[in-house]
Structure formats: C-alpha cells, structure tokens
1. Can you tell me which condition S106 does not meet? The list is (1) modelled with pLDDT of 95 or more; (2) touching a Phe, Trp or Tyr at 6+ places or on another chain (Cβ under 6 Å), and all the others hold.
2. For the range 19-34, enumerate the residues that are exposed (fewer than 15 other Cβ atoms within 10 Å of the Cβ) and in contact with a strand residue (DSSP E or B) (Cβ under 7 Å, 6 or more places away or on another chain).
3. Just one of the numbered conditions (1) more than 24 Å from T204 (Cβ to Cβ); (2) surrounded by 15 or more Cβ atoms within 10 Å (Cβ to Cβ); (3) out of contact with any Ser or Thr (no Cβ under 7 Å at 6 or more places or on another chain) is not true of D83; which one?
4. From the list V227, V189, which one is farther than 23 Å from A123 by Cα and crowded, with 24+ Cβ neighbours inside 10 Å?
5. Does at least one position in the range 188-205 carry a residue that is under 23 Å from L59 (Cα atoms) and touching a residue at least 40 places away in the same chain (Cβ under 8 Å)?
6. Name the single residue that is farthest from G72 (Cα to Cα) among those in the range 229-247 being hydrophobic (A, V, I, L, M, F, W, C) and part of a strand (DSSP E or B).
7. With a cut-off of at least 3 residues that are modelled with pLDDT under 95 and within 23 Å of E276 (Cα to Cα), name the strands (runs of 3 or more DSSP E) lying wholly within the range 1-100.
Amino acid sequence: MNSQPLLEIKDLQVWFPVRRGVFSRTSGWIRAVDGVTLDLYAGETLGLVGESGCGKTTLGRAIVGLEKVQGGDIRFQGQSWMDLPAAELRRQRPHLQMIFQNPHHSLNPRLTVQEIITEGLCAHRRISATERETEALRLLADVGMNADALYRFPHEFSGGQRQRISIARALAVHPELVVCDEAVSALDVSIRAQILNLLLDLRTRHGLAYLFISHDLSVVRYIAHRVAVMYLGKIVEIGVASEVLKQPRHPYTRLLRQSILEPGRPRKTGIVQLGEVPSPSQPPNGCLFHPRCPYAIAQCRIEPPQLLPAPGTPAHRTACHRQNEWEEKGESRSIPLT
C-alpha cells in the first residue's frame, strides 16, 4: 500500500438547515456529517457501515461533489478540492465516480444503454460521436454483458443487469476511486454475490479503490480491507476489517455485529432493544451513543470521546471512554439495521 493516501478527508462537515415559519427561516441544523476524518489508499476498499440515517450516503455524496460541504477538507492525490476553480474541478471529477443504490432510479429511462454509459466520455470530450459504439461495447464486455444490450432501454433489464450498466457507466471515465452506495442492497442474494465478485474482479484488473457504503456487515466483511463504523455523523471505530468485525471495541460495533444472521447458527435470544437513533438536529451531549449504550457511565454523558488507537494496535481506533476496560457480557444484545 502506498504511503500517500489517494483520498484524505479531514474534519468534514455537511449540515442541512431546518427551516420553519412563513419566511422559511433557519431554526437549526441537521448534522448529517459532523467532523469526519478518513483516508483511503489506492487499490483499497474501505467499508463504511452503520444504521440508516447515520450519514453514510451523505458522506459519499459529499466526496463526489453532490452535497455542499460546510467545513473541513477533501484532498485527492494530495490536492485540496475545496477551493478549486469550477473549470479545474470539472477536469478532476472523472477521478471519482459513484454507483448508486437503486439503478432503476439512477439510470435515465429515456436513454439507451449506449448513451448512458458513454455520456460521461462525451461530456469530458474523451471520445468522438463515431467512437461511442466501440467504447460502449468494450465497457459492456468489461461488466459481463452482451452486445445486444447496446440499443435497449433500462426498463428492459433485470435489477442485476441494470446495476452492471451503472458500474459500466462509472468505469467509463477511468476513475481511481468509486463510491459504492449500498450497491448490492436492492438485489436478490444470488445476484448480490455476482455483483460483489464483479466489483472484486474490477478492483484487481483496474486498480480501483472503493468506498463501500453498506448496512450489511456480512457483505462488508467479504469485500473490505478496512472498516469504518459511523454513528450520528461521526466515526466511532475504524480499523482492519478482520479486527473490527471479529474483536470490536466500541459497544455500537458489537451490537451491529450481533445482529448478523449466519446460516447454521441459531438466532440469539434475549435481544434488548435500545431505542431509536437520536435526531441529528439535536444530538445528545457527551458520547452520541450513550442514551442507547448498556455500558454508559457518567463520563459518557458529559465528555465526547476522542477517536484513539487501541493498545498495541495503532491502526484500530475507537471513540469510547471504556474501550480499554469493558468486556462483552454474556447477555445477547442487538440493534436492528433497518
């Protein structure tokens, strides 16, 4: 792995205004992403996990420029993107692409497959009109689709085929980093495995880096090198995937891990529901997780924990006051991921 990260995010903030009244005055802010710091290396897959509403998708959209950033910095290949002129930012955009969750909504129903997957190439003037068909055929073959798909429309394909078209569209401009936002969650289990294997194959062949956003820890365990766990707009644990998912040090990560259903293993009993996620417009004081945490102490209600390395494993960092002392109880607990 290179010593220089491909992508560096420092103290990133993405807030959305809460407007009320006749004049739609701002009465507060939804802190969807609140001080996130991450790095991602070339050829690496970083899994980003957490419950719905924790800010995963907003972070991914902010990285590729689809959401306005209030604070912090995004650096790609050592260059900050925050103050780039519009023309230079446009030239840089092909380096980062995104695969969306639902291909039925993300593909233009009025365009043919050829037009969809070569649209970016034409917009950035990388091919001429006469080269569209040749390039489209190459991209379709790259994702395992036949040439007869070229002049058909998205509604004529299954969900898995539409997602392959979405992947081909993302690969068209030869990106270094692809943000996969729940890229397999809308697919059947058998098709999900095919798309995951395709992503792994493309990562090897093209040297891609992935930010793989998912709520499914079993999928992330299969594809990711490292895992970052997000809760209420902040990273609460990050490290090598095998360490974080096998020996998590944050209570939230442990509860997420216990919710995984595995074939051949009986479902755990005695599950304790720990309530709903607090509103990101009114986050709790201290540790954001303390209202739902079975191990919270007085310090957790007052002082926000820092993301600090675990003893002996500097790459494994956790934001928990008790990460060095508490042990997993024999009692089974879980938080639903829906």
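The values are calculated or read from the model by the stated rules, or taken from the named source; none is laboratory data. Note that the coordinates shown come from a computational prediction; the quantities given were computed from them, not determined experimentally. Neighbour counts run over all protein chains shown; Cβ positions are idealised from the backbone, glycine included.
1. (1)
2. Matches in the range 19-34: R19, R20, R25, T26, S27, G28.
3. In the conditions (1) more than 24 Å from T204 (Cβ to Cβ); (2) surrounded by 15 or more Cβ atoms within 10 Å (Cβ to Cβ); (3) out of contact with any Ser or Thr (no Cβ under 7 Å at 6 or more places or on another chain), D83 misses (2) alone.
4. V227
5. Yes, the conditions are met somewhere in the range 188-205.
6. V240
7. 7-20, 25-40
Quick grid of which residues meet (1) in contact (Cβ under 8 Å) with a residue 24 or more places away in the chain; (2) of a type in the set (A, V, I, L, M); (3) under 23 Å from E44 (Cα atoms):
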| position | (1), (2), (3) |
| --- | --- |
| V113 | yes, yes, no |
| R126 | yes, no, no |
| A129 | no, yes, no |
| V173 | yes, yes, yes |
